[in-house]
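Enquirer: Quick one: the structure is below, questions incoming.
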Amino acid sequence: MSNSHIFLKSGFIRTPSQNGVGRYVCQLQRVVLKFCKNNGSSRGMREFVESELINFAKNNPGVVVYLKPRRHRAPVISAEFLNGDKQWVSCHNYSKQDISKWLNLLRTQSGNTTGFRLRKLQHTDHPSIQGPWTPYTFKDPAENLAEYPNTELSKPKIQLKTATDELLEIFNSVQISDKKGVE
Amino acid sequence: MSLYRQTLALTSRLLLKQALKTRITGETRNIKRWVAPTLNELYTRRLKVGPEPPQPRSTFLEWNYEAEVFAFGKRLGEDFDKNILKQALTHRSFVIAEEEKAKQKGVQLEELASNRSLIKEGDKIVSDFLKEEFKEHPDDVAEALHDYLTSVDMLAHVASHMGLRDIILTSEFPVENSTLADTFKAVVAALKQSQDVARAQIFVKDFLISQLNGKEIFDIWNPEKPLEYLTNLLKQRGINEFEPRLCNQSAANTILANYQVGLYNNKKLLGIGWGESIQIAKETAALDAIQRLHYQK
């Protein structure tokens, strides 16, 4: 198994700037689709631009979409997020569907998450509502009135039977059954 | 300097391409011996010059200001008047810079309105609304909350997470926090002018007051001397005396020493707290008592 993930930056799942507490703001602020008008590797991107881009822009008026044709270069999606992150997705030989799936992923992300390992899939800032444990949290109120030294309270709370005790018990039970046999 | 940087990058790319091309087409059997040292030299020079300094996003080729301003309103789910919003984003420093540019070129410039008046108006809207919202808190707590939310850093944080950082028109780069904070106020005022005060207040509630989510009151407001504060507070409510009592202690005279102190008045618990010394425990108990008195827990 590869261990390369342990060198990734790691952290917990977070929401930028309390997004969704007041209202939800799409965190993708602009996206640049770069493609070539002739090259075969851009075919899917060109098809996407022809057939689906208008719908994407209509459904997401908060995302600014730029198109950047450039000759003989591979197609690329470059996304910019509200927290200042930039994500770059190479779309070499991607189909129309691939590109719309990637765009949907970028639209629903809160920032650039590549090279970032989530330590857990859930997180809370307040793990305990009850508060931290203290030595007095579950203390028996009867102990307030106890007088020390106190033999009862000085005993260990869990006292298991010792081997000697068990042997004695076996010995006693055998003796009783022997007596019964004699009678 | 940036031209020098670009020249270095371009030369090295062309050199490498040329060297590989001659090899592939079969003109020569090897890469010339000067190629590697030259590329090395160019590389070290590029390292010496350092990385490209950050450029404002608006200087990029793919930039459409109209589209950006339109998307800003839509992103937040608000209907702004386009001209008022644009005015809210235009700072005085930008107007001055533009005028000077026009003067140097000898061109007549159309009048640009800056957001000065909008900032003032927005400041008042935000401030009044926060005071209204925190009316039920005690005065000093309400003031602390108001100051916390209207601090430059907080407003700048909210503004930059709305996507204001790139679309502000100002002469400074990178945009300073105070400018971002001012722009947030101006945007609130622009919303009021585009729609009405109620809408602007909802906007402030959703974006600014929501920043208090997950915060405790003592994260933001902390009386310096809790015991004295509690004494004064109790006097106002007609209680002249309270008595601290040591409820529990453990591990005294060790580094894990722990004390629990309760504050009582007439055998009634006012507040309880813990600490590594009795004094600290008393103070945390006082904080607990203050919270219970203020919010009737």
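Enquirer: Which one of B:Val126, B:Asn115, B:Leu269 is farthest out on the positive end of the charge dipole of chain B, using unit charges on Cβ (Lys, Arg +1; Asp, Glu -1) and the Cα centre as origin?
Expert: B:Asn115
Enquirer: Count the DSSP beta bridges whose two residues both fall in the protein assembly as shown, then state the antiparallel fraction as a percent rounded to the nearest 5. Write out the running numbers ahead of the final one.
Expert: Details: 25 of 35 bridges.
Rounded to the nearest five, the antiparallel share is 70 percent.
Enquirer: Is there a quick way to get the dipole size of the range B:223-295? I mean about its Cα centre, with the Cβ of Lys and Arg at +1 and of Asp and Glu at -1; what is the value in debye to the nearest 20?
Expert: Values: 8 positive and 7 negative charges, 62 e Å.
It works out to roughly 300 debye.
Enquirer: Still on this structure, I have one more. Give the Debye-formula value of log10 I(q)/I(0) at each listed q (0.08, 0.11, 0.12, 0.16 Å⁻¹), with one equal scatterer per alpha carbon of chain B, two decimals each.
Expert: With one equal scatterer per Cα and no solvent, log10 I(q)/I(0) is -0.65, -0.85, -0.90, -1.18.
Enquirer: Please list the equivalent ellipsoid semi-axes of the range B:133-194, computed as the square roots of five times the alpha-carbon gyration tensor eigenvalues, in descending order and whole angstrom. Don't skip to the answer; put the middle values down first.
Expert: Numbers: eigenvalues 135, 40, 13 Å².
Over the Cα atoms of the range B:133-194, the ellipsoid semi-axes are 26, 14, 8 Å.
Enquirer: Also, I was wondering about something else. Would you please report the Å³ per residue occupied by the convex hull of the alpha carbon atoms in the range A:25-112?
Expert: Numbers: hull volume 6.7 nm³, N = 88.
With only Cα atoms used, the range A:25-112 gives 76 Å³ per residue.
Enquirer: Looking at the range A:1-17, which residues lose a minimum of 50 Å² of accessible area between their chain alone and all protein chains in place, measuring with a 1.4 Å probe and not counting ligands or nucleic acids?
Expert: Buried on complex formation: A:Ser17.
Enquirer: What is the average number of partner chain Cβ atoms found within 10 Å of a Cβ in B:72-78?
Expert: Working: counts 3, 2, 6, 11, 4, 6, 1.
The per-residue average across the peptide is 5.
Enquirer: Just B:Lys103, B:Lys48, B:Lys282 to compare: in a GNM of chain B, with alpha carbon springs under 10 Å, which one fluctuates most?
Expert: B:Lys48
Enquirer: Same structure, new question: Provide the convex hull volume over Cα atoms per residue for chain A, in Å³.
Expert: Values: hull volume 65.1 nm³, N = 183.
Each residue corresponds to 356 Å³ of Cα convex hull volume.
Enquirer: Other chains' Cβ within 10 Å of A:119-127 residues: what's the mean? Spell out each step's value before the answer.
Expert: On the way: counts 0, 0, 0, 0, 0, 1, 3, 2, 0.
Across the residues of A:119-127, the mean count of other-chain Cβ atoms within 10 Å is 1.
Enquirer: Sticking with this one: Listed here are the pairs B:Lys120/B:Lys205; A:Lys68/B:Lys105; A:Lys157/B:Lys282; A:Lys101/B:Lys82; which of them are more than 23 Å apart at the Cα? Could you put the intermediate results ahead of the total?
Expert: Numbers: B:Lys120/B:Lys205 19 Å; A:Lys68/B:Lys105 32 Å; A:Lys157/B:Lys282 32 Å; A:Lys101/B:Lys82 33 Å.
Over 23 Å apart, Cα to Cα: A:Lys68/B:Lys105; A:Lys157/B:Lys282; A:Lys101/B:Lys82.
Enquirer: Which residues in the range A:9-35 have a backbone N closer than 14 Å to a point placed 7 Å from the Cα of A:Leu118 along the Cα-to-Cβ line?
Expert: Residues A:10-16 fall inside that zone.
Enquirer: Which of the aspartates and glutamates could a cross-linker bridge to A:Lys96, judged by Cα under 12 Å and excluding same-chain residues fewer than eight apart?
Expert: By straight Cα distance, A:Lys96 reaches A:Glu47, A:Glu50, A:Glu52.
Enquirer: Same structure, new question: Exceeding 30 Å between C-alpha atoms, which entries from my cross-link table qualify? They are B:Lys101/B:Lys124; A:Lys9/A:Lys37; B:Lys225/B:Lys267; A:Lys86/B:Lys74; A:Lys86/B:Lys131. Don't jump to the answer; show the numbers that get you there.
Expert: Working: B:Lys101/B:Lys124 34 Å; A:Lys9/A:Lys37 38 Å; B:Lys225/B:Lys267 24 Å; A:Lys86/B:Lys74 21 Å; A:Lys86/B:Lys131 38 Å.
B:Lys101/B:Lys124; A:Lys9/A:Lys37; A:Lys86/B:Lys131, as the Cα separations exceed 30 Å there.
Enquirer: Multiply the residue separation of B:Val107 and B:Asn83 by 0.36 nm, subtract the distance between their alpha-carbon atoms, and state the gained length in nm to one decimal. Write down the numbers at each step before the final one.
Expert: Working: separation 24, 0.36 × 24 = 8.64 nm, distance 2.32 nm.
Extra length from B:Val107 to B:Asn83 when fully extended: 6.3 nm.
Enquirer: Could you work out the relative contact order of the range A:25-112, using alpha carbon pairs under 8 angstrom and six or more residues apart, expressed as a whole percent? Show your work: numbers first, answer last.
Expert: Details: 169 pairs, mean separation 38.4, N = 88.
Computed value for the range A:25-112: 44 percent relative contact order.
Enquirer: Rounded to two decimals, what is the ratio between the C-alpha radius of gyration of the range B:57-180 and 2.2 N^0.38 Å?
Expert: The reported ratio for this selection is 1.25.
Enquirer: Which one, B:Ala19, B:Ala102, B:Ala281, has the greatest fluctuation when you compute a Gaussian network model over chain B with C-alpha springs under 10 angstrom?
Expert: B:Ala19
Enquirer: Just tell me, in residue order, which DSSP H segments of chain A are both 20 angstrom or longer along the helix axis (alpha-carbon based) and at least -1.0 in mean Kyte-Doolittle hydropathy.
Expert: Working: long enough: A:163-182 (29 Å, -0.09).
The answer, listed by residue number, is A:163-182.
Enquirer: In deg cm²/dmol and to the nearest 500, what is the mean residue ellipticity at 222 nm of chain B if only DSSP H runs of at least 4 residues count, each as -39500 (n - 2.57), divided by the residue total? Walk me through the numbers before you get to the answer.
Expert: Values: 13 runs with 172 residues, N = 297.
Result for chain B: -18500 deg cm²/dmol, rounded to the nearest 500.
Enquirer: Separate question: To the nearest 20 debye, what charge dipole does the range B:150-203 have about its Cα centre, counting +1 at the Cβ of each Lys and Arg and -1 at the Cβ of each Asp and Glu? Present the calculation step by step, with values, prior to reporting the outcome.
Expert: Values: 4 positive and 6 negative charges, 49 e Å.
Dipole magnitude for the range B:150-203 comes out near 240 debye.
Enquirer: Also, I was wondering about something else. For chain A, modelled as a GNM with alpha-carbon contacts under 10 angstrom, which of A:Ser51, A:Ser154, A:Ser173 fluctuates the most?
Expert: Sorting by GNM fluctuation, first place goes to A:Ser173.
Enquirer: Something else now. What is the dipole size for the protein assembly as shown, taken about its Cα centre, with +1 at each Lys and Arg Cβ and -1 at each Asp and Glu Cβ, in debye to the nearest 20?
Expert: Values: 66 positive and 56 negative charges, 708 e Å.
Approximately 3400 debye in magnitude.
Enquirer: Just report the Cα centroid separation between the range A:20-75 and the range A:121-140, whole Å.
Expert: 47
Enquirer: Alpha carbon centre of the range B:40-85 versus the range B:176-222: separation in Å?
Expert: Their Cα centres are 25 Å away from one another.
Enquirer: Hey, with R₀ at 45 Å, roughly what FRET efficiency would A:Trp133 and B:Lys131 work out to, going by the Cβ-Cβ distance, to 0.05? Walk me through the numbers before you get to the answer.
Expert: Numbers: r = 40 Å, r/R0 = 0.88.
Result of the calculation: an efficiency of 0.70.
Enquirer: Test of understanding: express the Cα radius of gyration of the protein assembly as shown as a ratio to 2.2 N^0.38 Å, with N the residue count.
Expert: Working: Rg = 34.7 Å, N = 480, 2.2 N^0.38 = 23.0 Å.
Output field value: 1.51.
Enquirer: Enter the mean number of other protein chain beta carbons within 10 Å of the beta carbon of each residue in B:203-215, as an integer.
Expert: Per-residue shielding by partner chains comes out at 4.
Enquirer: Under 1.5 on a/c is rounded, so check that first for the range B:237-287, then, if it is not, pick prolate when a/b is larger than b/c and oblate when it is not; a ≥ b ≥ c are the square roots of the alpha carbon gyration tensor eigenvalues. Before the final figure, lay out each step's value.
Expert: Working: a/c = 3.39, a/b = 2.45, b/c = 1.38.
Because a/c hits 1.5 or more and a/b exceeds b/c, the range B:237-287 counts as prolate.
Enquirer: Another question about this same structure. With runs of 4+ DSSP H residues as the only contributors, calculate the mean residue ellipticity of chain A at 222 nm using -39,500 (n - 2.57) per run, divided by the residue total and rounded to the nearest 500. Before the final figure, lay out each step's value.
Expert: Values: 5 runs with 53 residues, N = 183.
Helices in chain A give a 222 nm mean residue ellipticity of -8500 deg cm²/dmol.
Enquirer: Which order, highest average first, do A:82-91, A:141-150, B:199-208 follow once you tally other Cβ atoms within 10 Å for each residue and take the mean per peptide? Spell out each step's value before the answer.
Expert: On the way: A:82-91: 16.5, A:141-150: 7.8, B:199-208: 20.3.
Ranking, from highest mean packing down: B:199-208, A:82-91, A:141-150.
The values are calculated or read from the model by the stated rules, or taken from the named source; none is laboratory data. On a predicted model such as this, the values are computed, not experimentally measured, just so you know. A quick note on method: Cβ atoms are made from the backbone with ideal geometry, for glycine too, and the neighbour counts reach across all protein chains shown. These area figures cover heavy atoms from the full protein model, side chains too; ligands, DNA and RNA do not enter into them. Shrake-Rupley method; radii C 1.70, N 1.55, O 1.52, S 1.80 Å.
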